[in-house]
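Here's the structure we're looking at; comments come further down.
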Amino acid sequence: MASSNDVVLLNFWASPFGERVEIALAEKGVHYDYKEEDWADKSSLLLQMNPVHKKLPVLIHHGKPICESNIIVQYIDETWQTEDPPLLPSDPYLKAQARFWADFVDNKVNFSAIWRTKGEEQERAKKEFIDLLKVLEEQLGEKPYLIGESFGYADIALIPFSCWFYAVEIIGKMNIEKECPKFIEWVKRCMERESVSKSLPDPHKIYEYVLELMKKLGN
Amino acid sequence: MAKKSEIKLIGTVASPFVNRVQFVLNLKSIEYEYIEENLACKSELLLTSNPVHKKVPVLIHANKPPICESLIIIEYLDEIKPDVHRILPSDPLERADNRFWANYIDNKFFPLYEEMRVTPGKEGKDAIKKRIIEGSVLLEEAFIKFSRGKTYFGGDDVGYLDVVLGCFIAWTKFTEKNNEFKVFDEVRTPRLVEWVKRIWSHEAVKDVIPGNEVLVNFYMMLQKYRPPRAV
């Protein structure tokens, strides 16, 4: 097992991208040092480790940085192999499916418009968000997880956004469980895993954070 | 070994994302059936194969449901035929580094060409040119790091980033001509200028690169269906 200062995670507590990495590290039982970063006031370590994008999260392993959350999760899966099934399926075809859905999450999941807009624009954003969840429900089908029987890469890509649902429901006056019950079942199933429940922040804290963001934007 | 009919690639000849998959199919000597798609009028096959994004390329292997997204297809091909011309290295850190730069090229660098097309006015375009030039310097540094003094990003022969960046060369030359500037130039990015010549004439690449007429037609279609922004 790597000693904790071999593995360092630079992260911001509310970042769903950082949480993906925390979940993956927990799934593999990797000990690491956690360094909280303020994305509004970046440390010199962050700027040195991610000069191209200057973004979080960054994983530093043996002094070498790895950036981009989905890339970090794949790195973790390839570097630390345990007795449990790998985070990415070994079958190339299923692996491609897992990558597709993680990519889909990155390109499509964006519900900040729900608290940044009002009126018609907000209604549109709400509808788009629910439509998105319905696409994901279709992918789930009768399976326990997005790709099959095991919790893995695609689930890890998506689950951190669930702790933002409380804020979205209050601000958007929505009931996500009513519209997408299967999706919420999947969320609850993932939350039963210690790696997930210990890595995700309290939805109430996220709600407070969103209120702060809205105040800064003058909403 | 895939038989000719076992692998189908739905694409459009002007798409660099399709081209890069073709490079890999050629490098790995995988036979495939190519189905040309008209993006202005998408076929039933494409819409049912990629209902989520409705985009090319789409790879269909035997009777399995389709695989979409060029970078995902490339990794899939590398995994089903790992013994012929390995595309990605096996070391996890090198893989992460390669994937990082592919992400940069696809999400930060190449979109600037389209940005250039839709941005009106000289000032706007000059600002985009500046960003493309900054990007080219980053790519030159990346080339130096990955090539370790050899000919390609992949070393002695074509590797992942050669394929990922190499597919954009035709559009690069087109954009340079259209906008009277150099994306890669002998002073600023000498290694990449050399690299462009090598990759352009590589066996697996040269017959796949679209000609200027194809690019012009595609460009006209973009101008029509996604016109530049008003001033």
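The values are calculated or read from the model by the stated rules, or taken from the named source; none is laboratory data. Because the structure is a prediction, the values reported are computed rather than measured. Here the Cβ is made from the backbone with ideal geometry for all residues, glycine too, and neighbour counts use every protein chain on show. The area values use the complete protein model at the heavy-atom level, side chains included, leaving out ligands, DNA and RNA. Shrake-Rupley method; radii C 1.70, N 1.55, O 1.52, S 1.80 Å.
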Subject >> Residues located in segment A:69-91, provided they are in contact with a helix residue (DSSP H, G or I) (Cβ under 6 Å, 6 or more places away or on another chain), open to solvent by less than 30 Å² (accessible area, probe 1.4 Å) and at the interface with another protein chain (Cβ under 9 Å from one of its Cβ atoms) >> reply: A:ASN70, A:ILE71, A:ILE72, A:TYR75, A:ILE76
Original post:
Residue check: is B:GLU123 within 11 Å of chain A (Cβ to nearest Cβ) and among the acidic types (Asp, Glu)?
Top reply: no
**OP:** Report, ordered by the first and then the second residue, all pairs with beta carbons closer than 9 Å, sequence separation of six or more or different chains, a first member in segment A:28-48 that is in a loop (DSSP other than H, G, I, E, B) and modelled with pLDDT under 95, and a second member that is surrounded by 13 or more Cβ atoms within 10 Å (Cβ to Cβ) and acidic (Asp, Glu).
**Re:** A:SER43/A:GLU37
Subject >> Pair list, Cβ under 8 Å, 6 or more apart: segment B:210-231 residue among the charged types (D, E, K, R), other residue part of a helix (DSSP H, G or I) and surrounded by 12 or more Cβ atoms within 10 Å (Cβ to Cβ) >> reply: B:ARG226/B:VAL118; B:ARG229/B:VAL118
Subject >> Filter result for the condition that a residue is among the charged types (D, E, K, R), within 26 Å of A:PRO51 (Cα to Cα) and open to solvent by 10 Å² or more (accessible area, probe 1.4 Å), over B:LYS173, B:LYS122, B:LYS130, B:LYS177 >> reply: B:LYS130
Original post:
Within segment A:116-133, is even one residue surrounded by 17 or more Cβ atoms within 10 Å (Cβ to Cβ) and within 13 Å of chain B (Cβ to nearest Cβ)?
Top reply: yes
Original post:
Quick one: in segment A:92-111, which of the residues that are outside any helix (DSSP H, G or I) and open to solvent by less than 40 Å² (accessible area, probe 1.4 Å) is farthest from the other protein chains (Cβ to nearest Cβ)?
Top reply: A:PHE111
Subject >> A:ARG189 surrounded by 14 or more Cβ atoms within 10 Å (Cβ to Cβ) and among the basic types (Lys, Arg) >> reply: yes
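If you check A:PHE165 against the conditions, is it in contact with a Leu (Cβ under 6 Å, 6 or more places away or on another chain), more than 22 Å from A:LEU9 (Cα to Cα) and open to solvent by less than 30 Å² (accessible area, probe 1.4 Å)?
So A:PHE165 does not fit the description; no.
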Original post:
Could you give every pair whose Cβ atoms fall below 7 Å, whose first residue belongs to segment B:123-136 and is among the small types (Gly, Ala, Ser), and whose second residue is surrounded by fewer than 16 Cβ atoms within 10 Å (Cβ to Cβ), counting only separations of at least 6 or pairs across chains?
Top reply: B:GLY135/B:LYS108; B:SER136/B:ARG188
